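Contents: one structure, followed by commentary.
Read-outs: derived from the displayed coordinates by stated rules, not from any lab. Just so it is clear, the model here is predicted, and its values are computed rather than measured. Neighbour counts are summed over all protein chains in view; Cβ atoms, including those assigned to glycine, are modelled from backbone coordinates with ideal geometry.
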Amino acid sequence: MNDNLDAKIAAKEAEIETLRARRNEERAADLRAKPLLDRMIFAATARCHCGAGLAYDPAADGEPPFKGPSKWECSDILLFKTYDAERQAAVKAATHDEGFPFAFYEIKSERQPSQRGMTTRPEAEQ
Ligand SMILES: [Zn+2]
């Protein structure tokens, strides 16, 4: 009788694990389907040396051993804005900060309630 219950519990746990994996994949796919600028998370106030807000892409593939994003970076670099502008202006791309790993920097995001809606997100350009 106990063996029977253990087997039922194991089967339910396996089913839950499968459902959880499917849900996570669907959430990741929904996120990746959004335009990059829409899904990016911007810092509330912290900016790169160049003036653009720091940001990260929650759908980014992480560098091992991390899964997903692991650092704040210049949003102009993430949005591929900067290199074209610098190439055209023939400016050396040394004006940007290296990036700030989450593990070492406590940079508040625009989603942090204590930041009261502050964001470095650029205004819509249209
Ligand atoms: Zn920058």
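Mean sequence separation of contacting Cα pairs (under 8 Å, at least six apart), scaled by the length of the chain, corresponds to a relative contact order of 25 percent. What you get for the chain, charging only the Cβ of Lys and Arg (+1) and of Asp and Glu (-1), is a dipole of about 300 debye around the Cα centre.
Largest mean-square fluctuation among THR18, THR95, THR45, in a Gaussian network model of the chain whose springs join Cα atoms under 10 Å apart, belongs to THR18. Among GLU73, GLU15, the order by Cβ neighbours within 10 angstrom, fewest to most, reads GLU15, GLU73. Comparing ARG47, ARG22, ARG32 in a Gaussian network model of the chain (Cα springs below 10 Å), the most mobile by mean-square fluctuation is ARG22. For the residues ALA14, ALA44, ALA33, a GNM of the chain with alpha-carbon springs under 10 Å puts the largest fluctuation on ALA14. The long axis of helix 2-33 is offset from the longest Cα principal axis of the chain by roughly 20 degrees. Counting only DSSP H runs of at least 4 residues, each contributing -39500 (n - 2.57), and dividing by the residue count of the chain, the helix-based mean residue ellipticity at 222 nm comes to -12000 deg cm²/dmol.
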